[in-house]
1. Report yes if D114 is at pLDDT 90 or above, over 24 Å from A30 (Cα atoms), out of contact with any Cys (no Cβ under 8 Å at 6 or more places or on another chain) and acidic (D, E), otherwise no.
2. Given (1) in contact (Cβ under 8 Å) with a residue 60 or more places away in the chain; (2) part of a strand (DSSP E or B), where does N78 come up short, assuming only one miss?
3. Restricting to region 29-66, and then to whatever is in a loop (DSSP other than H, G, I, E, B) and under 15 Å from the mean Cα position of the chain (by Cα), can you tell me which residue is surrounded by the most Cβ atoms within 10 Å (Cβ to Cβ)?
4. Which of the residues spanning region 118-133 are assigned to a helix (DSSP H, G or I) and not hydroxyl-bearing (S, T, Y)?
5. Of all residues in region 45-59, count the ones that are among the β-branched types (V, I, T) and modelled with pLDDT under 95.
6. Looking at W76, W59, W43, can you tell me which residue is touching a Gly at 6+ places or on another chain (Cβ under 8 Å) and among the aromatic types (F, W, Y)?
7. Applying the selection to region 114-139, what residues are basic (K, R) and more than 30 Å from E85 (Cα to Cα)?
8. How about region 125-156: which of its residues are in contact (Cβ under 8 Å) with a residue 40 or more places away in the chain and over 21 Å from W108 (Cβ atoms)?
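The values are calculated or read from the model by the stated rules, or taken from the named source; none is laboratory data. What you see is a predicted model; the values in this text were computed from it and never measured. Positions of Cβ are backbone-derived with ideal geometry, glycine not excepted, and every protein chain shown enters the neighbour counts.
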Amino acid sequence: MPVEMPHVMTRGVVFIHSTPTALCPHITWALESVLGHRVALEWTRQPLGPTLVRCELSWVGEAGTGGRVASTLRGWANLRYEVTEEPSTGSDGSRWSHTPSLGIHHTWTSASGDAVVNEDRLRAAISVSKGDPIVLGQELDLLLGRAWDDELEVFRYAGDEATVRWLHRAG
């Protein structure tokens, strides 16, 4: 009789930075299909467009859920989002960023949220640069997702309608 491995659980956040209101029910259905339960999204106005809204959703699920969420939302017109997944036993943390013009970018993350570049990807960037510091800088920007951060930064700011989260000191 095979031994069943325990499911490794983790958590993360889906940040919908901007979407046309017409996509809201489709996004809700997509998230529900991946997470396996109903979700209640609180949409607020995105100050950058009169028909744009934003929201965020914290989730708990098996390791790999973040990747499934990011893939499910991928490719929808005019949708900007980020999905995070915290590190868990046997799995690194991750962040997926998506913009309509750039598509999707994935990076591994440390426990503090910093981008982590694995050795093979770093060696490839060095090899492609052939010693040219400008090309190396461009390759590192690509690895770190700088273009995605640059494009999403203006959408990350939610304006006066942003949900306020109070952090409490533990211990």
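1. The answer is no for D114.
2. Just one mismatch for N78, condition (2).
3. A63
4. Correct list: E119, D120, R121, L122, R123, A124, A125, I126, V128, P133.
5. Matching residues across region 45-59 total 1.
6. Of the residues listed, the single one that is touching a Gly at 6+ places or on another chain (Cβ under 8 Å) and among the aromatic types (F, W, Y) is W59.
7. Across region 114-139, the qualifying residue is only K130.
8. Those that are in contact (Cβ under 8 Å) with a residue 40 or more places away in the chain and over 21 Å from W108 (Cβ atoms): V154, F155.
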